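Structure, as structure tokens:
The values are calculated or read from the model by the stated rules, or taken from the named source; none is laboratory data. Note that this is a predicted model, so its numbers are computed, not measured. Keep in mind that these areas ignore ligands, DNA and RNA; they rest on the heavy atoms of the full protein, side chains included. Shrake-Rupley method; radii C 1.70, N 1.55, O 1.52, S 1.80 Å.
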Amino acid sequence: MRGLSFRLLLTWFICAVLTGLFAFVARSIHLQTITSFDESVIDLVQGTESPWLTTVMKIFTNVGSTSIVVLFSLTGLAWLYWKGYRAQAFLLVVVIAGTGIINQIMKFVFKRERPNFHRLIDIGGYSFPSGHTMMAFSLYTILAYIIWRNLRTTWGHVAVVSIATVMIMMIAVSRIYLGVHFPSDIVGGALASGVWLIASISIYQHYQRKRQSTLT
């Protein structure tokens, strides 16, 4: 019981820290004190522009689109349900659906306009926090978590984490490269998804421990 209390305390402490960092980023955007950071990163990322890299970045940004996220989520849901992992299937639905709802609410609250310089693709809507980043972070992290729990080899764990990390990073960077997001949008999106993911997984693990203790 003491160990459980410590885990819950640590979980909510991490969530509080990430929430505080998100609030700091949001306030910095409001006060326009994060402009130099945004401009420096944009210059660095867009300074690598080339025809082949633009093609690659468009591919990754398309992979992070709503339709692809929904497709991957439904595929994962169907597989988990078929395998009998009902609780994990429910966790996947909660994480992805919750991420989308939270992102839309925050975009409406903050109403930050997108960058209006050197944009390589056309897109509407508000900028903060990045929807692509939030959905990629949530989707690939929760898939990695679920797959990790069902793998038994170290190499399998390493491969899952590596693939998830690369996908998240490339989708996030593609949004800066293509000129549709500020870097602070990316940071804010990752922090917001991090809070939701940690909270969701914590509640899931608590439910699983309680269920196992009931069965035994």
Self-check item: At q = 0.15, 0.33 Å⁻¹, base-10 log of I(q)/I(0) for the range 36-80 (Debye sum, equal scatterers on each alpha carbon)
Solution: -0.58, -1.01
Quiz prompt | For q = 0.11, 0.18 Å⁻¹, Debye-computed log10 I/I(0) when each Cα of the range 69-216 counts as one equal scatterer | solution = -0.47, -1.06
Exercise. Keeping all protein chains in place, calculate the accessible area per residue for the range 1-131 (probe 1.4 angstrom), answer in Å².
Key: 65
Quiz prompt | Span per principal axis, largest first, for the Cα atoms of the range 59-129 (Å) | solution = 49, 29, 11
Quiz item: Tilt of helix 35-46 relative to the longest C-alpha principal axis of the chain, in degrees (0 to 90, nearest 10)?
Solution: 90
Practice problem: Please report the orientation-averaged projected area of the range 135-208, defined via the convex hull of its C-alpha atoms, in nm². | Solution: 5.2
Exercise. Compute the long axis of helix 66-83 from its Cα atoms, compare it with the longest principal axis of the Cα atoms of the chain, and write down the angle in degrees, 0 to 90, nearest 10.
Key: 10
Practice problem: Report the far tail of the P(r) of the range 1-149, meaning the percent of Cα-Cα pairs longer than 28 Å. | Solution: 35
Quiz item: How long, wide and thick is the range 1-79, going by the Cα atoms along their three principal axes, in whole angstroms, largest first?
Solution: 58, 45, 20
Quiz item: Taking all protein chains as present, what is the carbon and sulfur share of the accessible area of the range 82-216, in % to the nearest whole number, probe 1.4 Å?
Solution: 68
Quiz item: Taking the Cα atoms of the range 19-62 alone, what are Rg (to one decimal) and Dmax (as a whole number) in Å?
Solution: 14.5, 39
Quiz prompt | Rg and Dmax [Cα atoms of the range 99-154; Å; Rg one decimal, Dmax integer] | solution = 15.8, 48
Exercise. Would you mind checking Lys58/Lys111; Lys58/Lys83; Lys83/Lys210 for any pair whose Cα atoms are more than 29 angstrom apart?
Key: Lys58/Lys83
Quiz item: Relative contact order, percent, of the chain when contacts are C-alpha pairs under 8 Å separated by at least 6 residues?
Solution: 33
Self-check item: Area of Arg7 that stays accessible when all protein chains are in place (1.4 Å probe, Å², to 10)
Solution: 110
